[in-house]
Amino acid sequence: MSVASAFAGMRSVSPVVFRAGCPDCRGRFELAASALRLAIGATRRTTFYSFTCPGCGAAVRKPAGERIVELLTGGGVRTLRLYSTV
């Protein structure tokens, strides 16, 4: 089976969007995966995601628990590991 035949008939997939809020301006909005960054640290306190608020331009950083890490990585958010696995 070729790739073309395997995907024949498939329609385009909707891009993943994430809901977020800004603590500075209190704005609520949806962000594409490309607008978010995920940093995974050695502890819960050093694992967070960040983005720039589209409303006020503030740099926002929020903690990311296990479930949020799963959702963001599954949705294609770029990830940076802040610790060595060696």
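Structure summary
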| quantity | calculated |
| --- | --- |
| Of all residues making up the range 20-50, the number that are over 15 Å from THR73 (Cα atoms), not in a loop (DSSP other than H, G, I, E, B) and not hydroxyl-bearing (Ser, Thr, Tyr) | 7 |
| Candidate set from the range 73-86 (those that are within 18 Å of GLU30 (Cβ to Cβ) and outside any strand (DSSP E or B)); member that is most open to solvent (accessible area, probe 1.4 Å) | GLY74 |
| Where a residue in the range 61-73 is over 17 Å from ALA35 (Cα atoms) and its partner, wherever it lies, is part of a helix (DSSP H, G or I), with Cβ under 9 Å and at least six apart | GLY65/ARG44; GLU66/ARG44 |
| Selected residue (criterion: surrounded by the most Cβ atoms within 10 Å (Cβ to Cβ)) from residues of the range 14-72 that are closer than 14 Å to LEU82 by Cα and among the aromatic types (Phe, Trp, Tyr) | TYR49 |
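The values are calculated or read from the model by the stated rules, or taken from the named source; none is laboratory data. Given the structure is predicted, the values throughout are model-derived calculations rather than measurements. All Cβ positions, even for glycine, are placed from backbone atoms using ideal geometry, and neighbour counts span all protein chains on display. Just so you know, the surface numbers come from the protein's heavy atoms only, side chains and all, with ligands and any DNA or RNA stripped out. Shrake-Rupley method; radii C 1.70, N 1.55, O 1.52, S 1.80 Å.
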